[in-house]
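The next block holds one structure in the form of structure tokens; read it before the comments.
The values are calculated or read from the model by the stated rules, or taken from the named source; none is laboratory data. Keep in mind the model is a prediction, meaning the values are calculated, not measured. Ideal geometry is used to build each Cβ from the backbone, glycine not excepted, and the neighbour counts take in all protein chains shown. We work out accessible area using only protein heavy atoms, side chains counted, and drop any ligands, DNA or RNA first. Shrake-Rupley method; radii C 1.70, N 1.55, O 1.52, S 1.80 Å.
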Amino acid sequence: MAVSQKVAIFADELKSYMPKILLYITAKVIWNFLFWNTDYHENRAHVHVGKRSTNRLCKIWLEPEVEMVYQGDLTDAQAKEVLAIAREYREKLLRQWSLFKQGKPIRVIKVKKTK
């Protein structure tokens, strides 16, 4: 098997370890809010955010306050936008975190915004 095929298979397998918890859909972008499978071992609630073309996701703490840990590949404007979304949906994201930590199924929250 070629290396590129192995990488593609690994990427598909990795997706199953990143439960999406919120899709925030606008006319210009779809923001994916998700947890990494390894986040289970972290105590402080947080979420990773990016869009389909993002290679390095940003990380946002959800407690005690919503704040950016690192920006990843997001521009300053994008980082400001996802922080505002995280603040708006903080309680829902924290409920998703609680379900995740309890090993319970998580249903994706889909939000469509039209301007």
May I ask you to rank F33, F100 by accessible area, largest first, using a 1.4 Å probe over the protein chains only? F100, F33
So if R0 is 22 Å, what FRET efficiency would K51 and V108 give, r being the distance between their Cβ atoms, rounded to the nearest 0.05? 0.90
Rounded to the nearest 10 Å², the accessible area of L93 using a 1.4 Å probe with every protein chain kept is 0 Å²
Mean separation of Cα contacts under 8 Å (6+ apart) over length of the range 10-115, as relative contact order %: 27 percent
So, for the range 19-115, what is the accessible surface per residue at a probe of 1.4 Å, expressed in square angstrom? 62 Å²
With every protein chain left in place and a probe of 1.4 Å, what is the accessible surface of T26, to the nearest 10 Å²? 40 Å²
Using a 1.4 Å probe on heavy atoms of the protein chains only, the accessible area for R87 in Å², nearest 10, reads 130 Å²
